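The values are calculated or read from the model by the stated rules, or taken from the named source; none is laboratory data. All values derive from a computational prediction rather than experimental measurement. Heads up, the Cβs are rebuilt from the backbone with ideal geometry, glycines too, and the neighbour counts pull from every protein chain shown. Surface accessibility is based on the protein's heavy atoms, side chains included, excluding ligands, DNA and RNA. Shrake-Rupley method; radii C 1.70, N 1.55, O 1.52, S 1.80 Å.
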Amino acid sequence: MPDPATQDILENSPRLNLDTKFNFRCGPSMDCFNRCCSDVAILLSPYDVLRLKNALGMDSSEFLEKYTLTMRSQEKRIPAVFLRMHEESRKCPFVAESGCQVYANRPWACRMYPLGMAEPKGPNAAAQRFYFLVEEQLCHGHKAGCEQSIREWIEKQRLEPFDQMQAPFLEFMSHPGWEEPESRSEQKLAMFYMALYDLDRFRRFVSETRFLELFEVDEARLHAIAEDDEELLEFAIDWLAFSLFHEKRMRLSKPGSRSSAVPVRTEETCSSPR
Ligand code: SF4
Ligand code: SF4
């Protein structure tokens, strides 16, 4: 059963599509500038975490510890990672008077606002996914009168890589295997959290444990996951689908064989904060 807010959206929000037009404008000239960056629940996808920790030049464990809050869903206890607001001011840690300090790498939810996306639970959920408009009193952008379609908004906000990286994750999250209590043991949920959100720790887990004795991973993929966090995230989903739902996305090693060790990164790929 979805939470009450999601239920309300599913039942009552007009279902918009990519060609739906809406009025909205946002920017430093608005009298509400930055108001939307306080006291807000921003759910982070694994790709959001990847972008932010790299933009800040931080290790994933350090980033998660400093900037996030992990909650568990009531029914299934699956971890969900949120941006941690400042304890007293309730402001987002990345908001400054001049605006968002991680703008080029801001999360999906911040890019999409004032739009949201929802899908009913059950089979074929992705095909029934729809957009909805969020209208809050604090935001004056709806009155600023700049018409665009949702498709244009998505393009302007550079959401494409986020949507692309998010698709396998959303598919994984709507897997029917989640219904099985065995897939949700504490050990498996800890694997889920590490592999998807704590990517640098997952990379060390792959290279420093017996992982490569247990699984066959070809050379090209080993090199890719050593160098590239996006490749590592895709690999993490394959490993989790195998480990939690028994999907044949990984191959177990034959006795006596071993994949080569994960090569060490040779150069720093993180960029500095804006
Ligand atoms: S990440 Fe940026 S856009 Fe998102 S809430 Fe924080 S300051 Fe605002
Ligand atoms: S409150 Fe609305 S219009 Fe104002 S800065 Fe935030 S998103 Fe833009």
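Any residue in segment 2-20 that is open to solvent by 20 Å² or more (accessible area, probe 1.4 Å), of a type in the set (Gly, Ala, Ser) and touching a residue at least 40 places away in the same chain (Cβ under 8 Å)? For segment 2-20, residues open to solvent by 20 Å² or more (accessible area, probe 1.4 Å), of a type in the set (Gly, Ala, Ser) and touching a residue at least 40 places away in the same chain (Cβ under 8 Å): present. Scan segment 52-75 and tell me whether some residue there is surrounded by 12 or more Cβ atoms within 10 Å (Cβ to Cβ), within 16 Å of ligand 2 (Cβ to nearest atom), over 21 Å from Phe169 (Cα atoms) and of a type in the set (A, V, I, L, M, F, W, C). Taking every residue of segment 52-75 in turn, none turns out to be surrounded by 12 or more Cβ atoms within 10 Å (Cβ to Cβ), within 16 Å of ligand 2 (Cβ to nearest atom), over 21 Å from Phe169 (Cα atoms) and of a type in the set (A, V, I, L, M, F, W, C). Scanning segment 76-104 for residues that are touching a Pro at 6+ places or on another chain (Cβ under 9 Å), open to solvent by 50 Å² or more (accessible area, probe 1.4 Å) and near ligand 1 (Cβ under 10 Å from one of its atoms) gives a single hit, Gln101. Taking every residue in segment 21-44 that is under 30 Å from Met71 (Cα atoms) and β-branched (Val, Ile, Thr) and pairing it with any residue that is within 12 Å of ligand 1 (Cβ to nearest atom) and open to solvent by 40 Å² or more (accessible area, probe 1.4 Å), at least 6 positions away or on another chain, the pairs with Cβ-Cβ distances below 8 Å are Ile42/Phe82; Ile42/Cys110.
Would you check if Arg35 is among the basic types (Lys, Arg), more than 23 Å from Glu230 (Cβ to Cβ) and touching a strand residue (DSSP E or B) at 6+ places or on another chain (Cβ under 7 Å)?
no
Filtering segment 27-51 to residues that are more than 10 Å from ligand 1 (Cβ to nearest atom), touching a Phe, Trp or Tyr at 6+ places or on another chain (Cβ under 9 Å) and open to solvent by 40 Å² or more (accessible area, probe 1.4 Å) leaves Ala41, Leu43, Arg51. When segment 110-125 is filtered for residues that are of a type in the set (A, V, I, L, M, F, W, C), in contact (Cβ under 8 Å) with a residue 24 or more places away in the chain and open to solvent by 30 Å² or more (accessible area, probe 1.4 Å), only Cys110 remains. Looking at segment 89-109, I want the residues that are closer than 22 Å to Leu50 by Cβ and more than 13 Å from ligand 2 (Cβ to nearest atom) and have a partner that is of a type in the set (A, V, I, L, M) and assigned to a loop (DSSP other than H, G, I, E, B) with Cβ atoms under 8 Å, at least 6 apart or on another chain. Which pairs are those? The qualifying pairs are Pro93/Met85; Phe94/Val102; Val102/Leu56; Pro107/Ile42; Trp108/Leu159.
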